[in-house]
Every structure is written in C-alpha cells, then in structure tokens.
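A.B. asks: Sending over a structure as structure tokens; questions will come in a sec.
The values are calculated or read from the model by the stated rules, or taken from the named source; none is laboratory data. Remember, it's a predicted structure, so these values are computed and weren't measured experimentally. Backbone-built Cβ (ideal geometry, glycine too); neighbour counts: all protein chains shown.
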Amino acid sequence: MSDTATGVSSTTRPPEEIESVPVRHPGRWIATVVILILVAMLVHSLLTNQNFGWGTVADTLFQGSILTGVVHTIELTVLCMVLGIIGGIILAVMRLSPNPILSWISWLYIWFFRGTPLLVQILFWGYIGALFKTVGLGIPFGPEFVTFQTQSLITVFFAAVLGLALNEAAYMAEIVRAGILSIDEGQTEAAQSLGMSGLLTMRRIVLPQAMRVIIPPTGNETISMLKNTSLVSVIAYLDLLYAAQLIYSRNYQTIPVLIAASIWYLFLTSLLTIGQYYIERHYSRGSARELPATPIQRLRALLSGGGTTPAADTATLGHGGGGGQ
Amino acid sequence: MSEELGTVAQARTATTEMVRAERVWKRFGRLEVLKGIDLTVNQAEVMCVIGPSGSGKSTFLRCINHLEQINAGRLWVDGELVGYRERGGRLHELRDREVAAKRREIGMVFQHFNLFPHMTALGNVVEAPVKVNRVPKREAVARGRELLDRVGLGDKFDAYPSQLSGGQKQRVAIARALAMQPKLMLFDEPTSALDPELVGEVLDVMRELARSGMTMIVVTHEIGFAREVGDTLVFMDEGFIVEAGNPREVLANPQHERTKLFLSKVL
C-alpha cells in the first residue's frame, strides 16, 4: 500500500530506534562529591558542637511563653494580612480610578509607606502618644464629643497591627494593581456591554481573574509578614521573638532559644507554602485545561493502583482535552 | 419598546426605527474616525457593514452602545439618545448607572469572543441575568440551557472557554448576549478570528437569529452572508458611508470606484 513516490506513506511501523552514545557529565559528579563533603561537615558540627545546646532547644520549643508567642505571631500575621489585602484592594482601585484626587491620594500613601522603614513605622505607632496626647471624635476644628487618652486607646497590640497592616497595604496595592492591569480590556468591555456596573465588573469579572496574578506574590507577602511580625518585639509586644528574648535574657542560652524560635518560624512558613499551593490551584480554574493532581492525590493513586505512570497521566489528560473538540 | 421574538411577519411589516444616526462624528485625538455617518436601521432588519480595516466600522458599532462617546451629531437607539438626555435644549451626560441600563437592551458580540475564562459556558450565559437583571438563579439557568441548546451547545454547559473551539466560544458569546433579551444585536467581525472551517457554524446561528426577527448590525467580511441575510449593505471607507442599499444590488452593481475596488479584492 505504501507509495513513497507521492510522499505519502500508509505504513504505520516506525523505523529502527536510534541507539547513540550519551553525553558524559563529569562536572556533575565532581559537584556532587564536593556538596556531599560539605553536608557531612555541617552535620558533624551540628551533632558534636555542644554550643548548639539541642537539649535546651527541645526544652524551649514547647515552653508556655513560647507557645503564647506563637499564638500572638499567628494572630498578628492573619489580622495584618487581611487588613493589608483589603487596604491594598481599595488603594489599587483608587489608584486606577479616573478621579484624579483619589488616584493622587493613593499614590501619596504608597509613596510614604513604602519609602520609610517598617521598623521606624512600628516604633512611630508605638510612641504615637508622644505626638498626640488625646484622640477625639467631634466637629473638625470645633468641639469634641468623646476624647480618649492616646496611651490607653493605642495599646501595644493596636500599635503593632497599625504598623504592620498600614505598611502591608502599600505593598499589596501595587500587587493588586498589577493583577488588575493584567486583565484584557475586552473582559471589561464584554461586562459593560452586558450592562454590568463598574463595581460589579470589578468584583465578578476582573478581580477573580486577577487573582491568578495576585496570589503568588501575596503568598510571598504573607511569609514576609510572618517574619516581619518579629519586628514588633521593639515595642514590647509578646510575639514569638520577644518571648524568646525574654527567655534567653534569663537563662543566657541565646543560641539554643533562637534556634527553637527559628524552628517555629520554619514550621509556620511551611504551612503557609502548602496553603498557597492549594489556593493557586483553586484560582487556575478555566486557565488550565485539566488541573494537575495534588501531591496527595498522586500519592493516593500510587498507593492504590500502583500502575499510575506519567504515561498513563498524559493519556487521561489527552482524553480530557480531546473531549473539548 | 417591547419586541416579540419569533413573530417575523408582524415585525417585518412594522417599520419602527431601531437605530438612527445623524451626522455622527468621532475622533480619537487628531484622528478623525467617523466623519458624519447618517443611517437608519428598522426593527427586525439586518444591516451588514463592510469596508477596509480602519474605515471606522467597528468604532461606529461601539458608539451605538456607548463604549465610545461620539463628538458630534446625534445617535438614537429605539427613539432614545445614546449617552445623553436632552433637557431644556441642552444635552446632559447620562450617569454610569443609566448608561449601563441602556446597554442591557443591546447585545454585543466581539471579534475575540471576550468570554469570561473563569466561568463555565453556562456560567457565562447566566452571569448577567442573575447579577444585573436579578432573575432568580433557577430561572436563569433554565433559560441559559435553552439558549446554549439553541446555538448547538447542549452538551457543553460545564465546559470552560479554554476547552472550547473558536466557533464554540463565539456561539457561547452569542448565547450570553441573547440571555439579556436584547432588542438589538451588534456583531463586531464575529468570524474574523475563526479558522475557516469554523466560520459556518457561527454564521448558521446568526442566520437563524435574523430569521427569528432580531434587529442586527453586523460588521463583517463575509460577503456571502451579507448578500444572503442582510436587508441593507453599507460600505464604509475612511469614516464615510460610501454606498448603501440592497446587498444584492450593491454587490452586483457598485456605483462608486472605491466600492468596486474593494469588492474586486474580497470577492
């Protein structure tokens, strides 16, 4: 049946498989040996250097004040991120608004809060009482109806939240703005042509799509936030780092206690990384033809079937995609 | 105001003006895009607009639902000014909310579909009726399924746009526009971004829609469709209407040199 003269062949058998000599990579072997030696040295030091004080690390890890510090750190991270994201969305929408005053105010805010160090901002809020003795509600330049002592209104916790959240909003604003700008204008036009208002278009059409662009840097921001909460130790709020500082100022075991705190920070950031993976997956709806399996799904498939090879994966993927035609 | 879909004979005899343009002028900065467009489209009429790219056809279409604001002239849809209200001899700009309300009555289909990629086909169709017109979800879904069925996508309710071919996407886009029960449909080169073999399925849907009595303005390069389905054909070039009339006559016997030249290249 085959007719090579016309350039069309109806035989389906491929020609002989290619068997060639693969390229050698001696550099990889050398690098591997060097790295293994360095790792062995590190492990040896970790195990034999008494100054690491692993016993103290283990004792400190679950001490009451450390656990309180962990809870406070988590509270601060969640609260400040939520406020930061809300503030960021508002600032981003203001920045993109056709109203020049709103746009300018947003620009000014971002300029100020990104342009001064976070540590300075936290200290500033911690000592705000020195600037304004009282805070009141009333008519501008007129009589006040209620007046508070700043010292009693702005507690250490409130100052910590203000410092972290106001700063975060400035960074989130730029992330959200980049996300909004990444959405094709045709989406807005389609929504408008259906009679949707600007707000509805933003909420239902633009922001859900912008999420795909917004989520990864927001994950980074959350991890940064978790670590930046340690800065509030300067205004004596009992977060994880401040709890650790209180302990080692008493027992002088500075390094072991700091290691214990670091283990907690690492544990918490690992949790956040896992959470970010699933959130990203959720918002990729509609962009990927078929969502890739999660590590847990892959593990389960491996345990139950045992025969799920990458090739089988591609086969199911191809089937799903083919169904669209 | 009210218009019954499907009562073709009745609609064809009534000659209510759906769109009326008088000396419509539009410029982008120094660029004059529309230089005095005069035309009328009657109810249940299909007008096809052809012309080279940059002739202003798409801009004119976008002016009709106020995606672009005109600089001079007057434009009416169903007897009401587009984008303005006349009071005391002066024009007052409409508020965003009022513009949005007007747009609900005009469906638009885009060259690049502009489907919402994060929603399924049914989600795209149901979104505006539920969120804008406050139709109960159950009712909107039932009607959405009906519409998708009508455009031949009865088996694609739960498919995301990325899982659909170009022709299927454009048919979802048509169903999405129809879900708002518009009295006028605007098509902005609906088949220009499609593979040649997929053009037919979209034109079939549009042909069926025209037959049901929908008023349509179609910017297109499909001369065959214009000849067969169009009641009027408008040839635009450089912001002017060069020639307009019965499609068969204009195509068979163009009066202007510019029209002849253009048709000789596309036919």
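So that you can scan it fast, the table gives a plain yes or no per residue for (1) in contact with a strand residue (DSSP E or B) (Cβ under 6 Å, 6 or more places away or on another chain); (2) surrounded by fewer than 18 Cβ atoms within 10 Å (Cβ to Cβ); (3) facing chain B (nearest Cβ under 10 Å):
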position	(1), (2), (3)
A:Ala159	no, no, no
A:Glu174	no, yes, no
A:Gly179	no, no, no
A:Asp184	no, yes, yes
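Quick grid of which residues meet (1) within 25 Å of A:Thr218 (Cβ to Cβ); (2) among the aromatic types (Phe, Trp, Tyr):
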position	(1), (2)
A:Leu76	yes, no
A:Ser106	yes, no
A:Phe113	yes, yes
A:Leu131	no, no
A:Thr134	no, no
A:Leu137	no, no
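A.B. asks: Can you tell me which residue within the range B:49-84, out of those that are of a type in the set (Val, Ile, Thr) and either over 16 Å from the mean Cα position of the chain (by Cα) or assigned to a loop (DSSP other than H, G, I, E, B) (or both), is nearest to the other protein chains (Cβ to nearest Cβ)?
C.D. replies: The first filter runs over the range B:49-84 and keeps only residues of a type in the set (Val, Ile, Thr), leaving B:49-50, B:59, B:64, B:70, B:77, B:82.
Filter again for either over 16 Å from the mean Cα position of the chain (by Cα) or assigned to a loop (DSSP other than H, G, I, E, B) (or both), leaving B:70, B:82.
Numbers: B:Ile70: 17, B:Val82: 13 Å.
Among them, the one singled out is B:Val82.
A.B. asks: Report every pair of residues separated by at least 6 positions or lying on different chains whose Cβ atoms are under 9 Å apart, first residue within the range B:111-129 and more than 9 Å from every other protein chain (Cβ to nearest Cβ) and farther than 16 Å from A:Leu207 by Cβ, second basic (Lys, Arg) and in a loop (DSSP other than H, G, I, E, B).
C.D. replies: Hits for this filter: B:Ala121/B:Lys156; B:Leu122/B:Lys156.
A.B. asks: For a quick check of your reading of the model, give me the residue pairs whose first member lies in the range A:290-311 and is under 26 Å from A:Gly275 (Cβ atoms), whose second is at pLDDT 65 or above and part of a loop (DSSP other than H, G, I, E, B), with beta-carbon atoms closer than 8 Å and at least 6 apart or on different chains.
C.D. replies: Matching pairs, first to second residue: A:Leu291/A:Ser284; A:Leu291/A:Arg285; A:Ala301/A:Ala293.
A.B. asks: Within the range B:193-202, does at least one residue satisfy the condition of being surrounded by 22 or more Cβ atoms within 10 Å (Cβ to Cβ) and more than 13 Å from every other protein chain (Cβ to nearest Cβ)? First the steps, then the outcome.
C.D. replies: To start, the set of residues in the range B:193-202 that are surrounded by 22 or more Cβ atoms within 10 Å (Cβ to Cβ) comprises B:202.
Checking the rest, the ones that are also more than 13 Å from every other protein chain (Cβ to nearest Cβ) come to B:202.
Yes, the conditions are met somewhere in the range B:193-202.
A.B. asks: Right, B:Arg103: among the basic types (Lys, Arg) and within 21 Å of the chain's Cα centre (by Cα) or not? Before the answer, list the steps.
C.D. replies: Details: among the basic types (Lys, Arg): yes; within 21 Å of the chain's Cα centre (by Cα): yes.
Yes.
A.B. asks: Pairs under 6 Å by beta carbon, first residue touching a residue at least 40 places away in the same chain (Cβ under 8 Å) in the range B:138-166, partner in a helix (DSSP H, G or I), six or more apart or different chains?
C.D. replies: Close Cβ pairs satisfying both conditions: B:Val151/B:Arg171; B:Val151/B:Ile174; B:Val151/B:Ala175; B:Val151/B:Val205; B:Pro161/B:Lys169; B:Gly166/B:Leu198.
A.B. asks: What are the pairs with Cβ atoms under 8 angstrom where one residue, in the range B:201-218, is closer than 19 Å to B:Leu164 by Cβ and the other, located anywhere, is β-branched (Val, Ile, Thr) and assigned to a strand (DSSP E or B)? Sequence gap at least six, or different chains.
C.D. replies: Pairs that qualify, where the first residue is closer than 19 Å to B:Leu164 by Cβ and the partner is β-branched (Val, Ile, Thr) and assigned to a strand (DSSP E or B), are B:Met206/B:Val218.
A.B. asks: Please determine, by comparing only the residues of the range B:170-192 that are within 11 Å of another protein chain (Cβ to nearest Cβ) and of a type outside the set (A, V, I, L, M, F, W, C), which one is surrounded by the most Cβ atoms within 10 Å (Cβ to Cβ).
C.D. replies: Ranking the qualifying residues of the range B:170-192, first place goes to B:Arg176.
A.B. asks: Return yes when A:Leu36 is more than 30 Å from A:Leu164 (Cα to Cα), at pLDDT below 90 and of a type in the set (A, V, I, L, M) and no when it is not. Working first, answer last.
C.D. replies: Numbers: more than 30 Å from A:Leu164 (Cα to Cα): yes; at pLDDT below 90: no; of a type in the set (A, V, I, L, M): yes.
Here the answer is no, as A:Leu36 does not meet what is asked.
A.B. asks: What are the residues in the range B:128-166 that are surrounded by fewer than 21 Cβ atoms within 10 Å (Cβ to Cβ) and of a type in the set (Gly, Ala, Ser), if any?
C.D. replies: B:Ala142, B:Gly152, B:Gly154, B:Ala159, B:Ser162, B:Ser165, B:Gly166
A.B. asks: Within the range B:27-58, how many residues are of a type outside the set (Gly, Ala, Ser), surrounded by 21 or more Cβ atoms within 10 Å (Cβ to Cβ) and under 15 Å from B:Leu186 (Cα atoms)?
C.D. replies: Number satisfying all stated conditions: 8.
A.B. asks: If you don't mind, there's one more thing I want to ask. For the condition at positive phi and touching a helix residue (DSSP H, G or I) at 6+ places or on another chain (Cβ under 8 Å), what is the one hit in A:Gly195, A:Gly179?
C.D. replies: Values: A:Gly179 fails: at positive phi.
Only one candidate qualifies: A:Gly195.
A.B. asks: In the range A:46-61, which residues are assigned to a helix (DSSP H, G or I) and either surrounded by fewer than 11 Cβ atoms within 10 Å (Cβ to Cβ) or on the phi > 0 side of the Ramachandran plot (or both)?
C.D. replies: First pass over the range A:46-61, keeping only residues assigned to a helix (DSSP H, G or I): A:46-48, A:50-52, A:54-61.
A:Leu46, A:Leu47, A:Thr48, A:Gln50, A:Asn51, listed by residue number.
A.B. asks: Those residues that are within 9 Å of chain B (Cβ to nearest Cβ), more than 20 Å from A:Tyr278 (Cα to Cα) and hydrophobic (A, V, I, L, M, F, W, C), I need them from the range A:186-228; list them, please.
C.D. replies: A:Ala190, A:Ala191, A:Leu194, A:Met196, A:Leu200, A:Ile205 - these are the residues of the range A:186-228 that are within 9 Å of chain B (Cβ to nearest Cβ), more than 20 Å from A:Tyr278 (Cα to Cα) and hydrophobic (A, V, I, L, M, F, W, C).
A.B. asks: May I ask you to verify whether B:Val125 is under 25 Å from A:Gly198 (Cβ atoms) and surrounded by 20 or more Cβ atoms within 10 Å (Cβ to Cβ)?
C.D. replies: Numbers: under 25 Å from A:Gly198 (Cβ atoms): yes; surrounded by 20 or more Cβ atoms within 10 Å (Cβ to Cβ): yes.
For B:Val125, the condition - under 25 Å from A:Gly198 (Cβ atoms) and surrounded by 20 or more Cβ atoms within 10 Å (Cβ to Cβ) - is met.
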